[in-house]
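The values are calculated or read from the model by the stated rules, or taken from the named source; none is laboratory data. On a predicted model such as this, the values are computed, not experimentally measured, just so you know. As a convention, Cβ positions derive from the backbone with ideal geometry for all residues, glycine included, and neighbour counts pool all protein chains shown.
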Amino acid sequence: MVIVLKSMMKKWTSFVMVLILPLLLIFSLINFFDSTVDKVEVPIVLVDAYEQTITDKLLSDMKESESFDIIRTTSIPKYALERGEVEAVFVLPNNLKEKIKQADLENAIQWYRNDRSLFDGLFKEQLASAIMTRAIRGEAANVVQHYQSEADWEEIYSYGLKYLEPEPIFQMQFETIGEKFSATAESDSFHLFRWMIWIYIWIVLAYLTKILLKWKELEIFNRLNAISSSMPLRLSWLGITSFITMGIGVLLTICAYIILQPVGFDLEASVSDLLMTLCSIMIFFILSFVLKKKETMWAITFSYGFLSSLIFFLIQFNIINISWWTFLFIPSWILV
């Protein structure tokens, strides 16, 4: 085992570059995420095709929130919503001021969203509250003026909440647009993160397997076989390699848990990741018996890594379905 460790650390700069540098990059991403998550604003589009003054008044009535980036426009940006560039779109009708005065608001506001929208409900409640408050005041003025025709409508409107209690008279029309996304325990971000972990471990295993192939070129195994057996040396390499890659996998999984927990991280998926890592280790261990040249090993590493990643993304984007043959490519296990 000592011989294996010395061989791995012989070119310590390469060892550090392969193992440590990507981990530093991960931690930098975590720090960047923590420092910017509080600054994220949810983009909400408010469509007023008629550019009515009542829209400005409604926005002024709503509580100011730094969580929303309100974008006013005159048309519905459907493609931006489908691509997830905006959280939701609220469309105001023509003559909204008159509708509010007459309390004629059933299905008046259209609410466009997709299945990935998460935080638009709070804005909907704020907008509904602002419109409903004005509608109740208008309804109160209408009722009072009906019985007292000489009453000043505007004056009653100003104090309308004293006459009527709020009622759920504000209705919205829900219209979902965009691609249908299945609600799963794991988010797409978590799938991508697990794929990145596997790619990283796959490359690290190739780097560590290079040591065995170098020993084979130097005929070290043949000399050991002549004396006793080369298997203890191979098993030592297998143990150290398993320890290194498992440690990397656990550390990166913890990083994924810290980053992705708010959007649906599934800790039980680590069992599947452990199995993926073990299978990857055994693949390289078997290849060390078959291959003779490092160049061949690197060619197989990158070819299989590329094909596996291609299959992963084809399944992820529903271009192909999971079948028995897709399990020959380890990253596809993530999507099961």
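Residues in segment 71-115 that are in contact (Cβ under 8 Å) with a residue 60 or more places away in the chain, touching a helix residue (DSSP H, G or I) at 6+ places or on another chain (Cβ under 9 Å) and in a loop (DSSP other than H, G, I, E, B): Ala103, Leu105, Ala108, Asn114. Looking across Tyr159, Tyr147, one residue alone is assigned by TED's automatic domain parsing to the domain that holds Asn94, surrounded by fewer than 16 Cβ atoms within 10 Å (Cβ to Cβ), of a type in the set (Phe, Trp, Tyr) and at pLDDT 75 or above. It is Tyr147. In segment 86-122, of all residues being among the small types (Gly, Ala, Ser) and over 20 Å from Asp56 (Cα atoms), the one that is nearest to the chain's Cα centre (by Cα) corresponds to Ser117. Checking every residue in segment 51-62 against the condition of being assigned to a strand (DSSP E or B), surrounded by 14 or more Cβ atoms within 10 Å (Cβ to Cβ) and at pLDDT below 90 gives zero matches.
Going through segment 71-92 one residue at a time, which ones are touching a Leu at 6+ places or on another chain (Cβ under 9 Å) and surrounded by 16 or more Cβ atoms within 10 Å (Cβ to Cβ)? Can you show your working first?
Restricting attention to segment 71-92, the residues satisfying the condition of being touching a Leu at 6+ places or on another chain (Cβ under 9 Å) are 71-73, 87-92.
Scanning segment 71-92 gives Glu87, Ala88, Val89, Phe90, Val91, Leu92.
Would you say Glu106 is exposed (fewer than 14 other Cβ atoms within 10 Å of the Cβ) and either touching a strand residue (DSSP E or B) at 6+ places or on another chain (Cβ under 7 Å) or assigned by TED's automatic domain parsing to the domain that holds Thr55 (or both)? Answer is yes for this residue.
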